[in-house]
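**Q** First the structure, then my questions, so here it is.
Nothing in this text is a laboratory measurement; each read-out follows from the coordinates by a stated rule. Source: prediction; values computed, not measured. Glycine also receives a Cβ, built like all others from the backbone with ideal geometry; neighbour counts cover every protein chain displayed.
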Amino acid sequence: MNKLSFIIVLFICGVRLGSSCGSEAKGGAPACEPNTVSYTEITDSNTGPTILLGYNENSKSNPIFSFMYFVPMISPTMVEMEISPNCLQKGRFVSHKIEYDGDKFEVISEFEINGTGHYKNCFDPEEIIKWNIKHRNEGDRLTKILDYIKFEGQAFGRLEISGTITDGIKEVKQVKAYFNNKDTKSPVTIGIYDIYAKDGEFKYANATNRTVVRVNALTFQKSQGEPKMDIEIASLSQDEDCDSLWATLKGKIANFFLNPLEINSEGNQSMLEFGLALTEKKESFTFTKAKNLKQNEATRQQFALKSSDSSEI
């Protein structure tokens, strides 16, 4: 099914006809609100945060910035972090199970996210629009442009890590992250929008058809070419708080037609290495520094807390 057919299906399903849970977001509204988090220390480093790993109910927790650092890492363009004032969100791994089948293995590692507040990564409007123009040829219209990825609320999730063993050495081929384990509601939402060219230009102020996508799962795979990320949708609406039957139905239908999203190759590789660290039951894992993460007050503060000693909450 081509992209035009996908757009027609979403139209029929009501994405453009409004939401039963509220009104559409205001056009041209910024993805991130002004950040009010202060900081007292700036840490320059070539590495990202260190995340403490765990394998049972006594595992240590990590700030949401560290736990979900993969988002700015996989972004193809610049992103800016917004973390709500006094954010108490934290994540930890609570179980670990590995199974072998000849020269193959599979790991299931459950995790939980708790605490109030939200963590949000907003894609630079000008850069993401230019990126879409370069990578998509849709004439006078751009569709499904990434606006933000947001984490808010409690979550029970799991990582499914699979790979092969050659001469005793494990290699991760795929990492799939579920955010709706135990049939819970995923806390992950993605904002997208469309733009029609006006006077031959695509401008964020002319964004339309703003849609909120609630995400159940993301899949990263080893790739010889440009890496792509598969997305499994829970619902489609125009309101982050909308989880109506209609919104869920639209999400289920959209899953049949979604194409994988292109992502940053370094970020994809880092996720595979992260999966290997969990497979080998390492104590911690340090991300490489996300090159596309803008430095603002919130990021500087979080980098100041990125050592393993300060990751524990």
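**Q** Could you give the size of the charge dipole of the range 146-264 about its Cα centre, using +1 on the Cβ of each K and R and -1 on the Cβ of each D and E, expressed in debye and rounded to the nearest 20?
**A** Computed charge dipole of the range 146-264: roughly 280 debye.
**Q** Short version: ³J(HN,Hα) in whole Hz for each residue of the range 63-78, in order, from phi by Karplus 6.51 cos²θ - 1.76 cosθ + 1.60 (θ = phi - 60°), x for Gly and Pro, what are they?
**A** These are the phi-based 3J(HN,Hα) values: x, 4, 4, 6, 5, 10, 5, 5, 4, x, 5, 8, 5, x, 9, 4 Hz.
**Q** How big is the dipole moment of the range 56-302 about its Cα centre under a simple scheme where the beta carbon of each Lys and Arg is +1, that of each Asp and Glu is -1, and everything else is neutral? Debye, nearest 20, please.
**A** Roughly 140 debye, rounded to the nearest 20.
**Q** Okay, moving on. Starting from the amide H of Phe111, placed 1.01 Å from N in the peptide plane, find each other amide H under 5 Å away whose residue is 5 or more places distant or on another chain.
**A** Those qualifying (amide H under 5 Å, at least 5 residues apart or on another chain) are Val94, Gly157, Arg158, Leu159.
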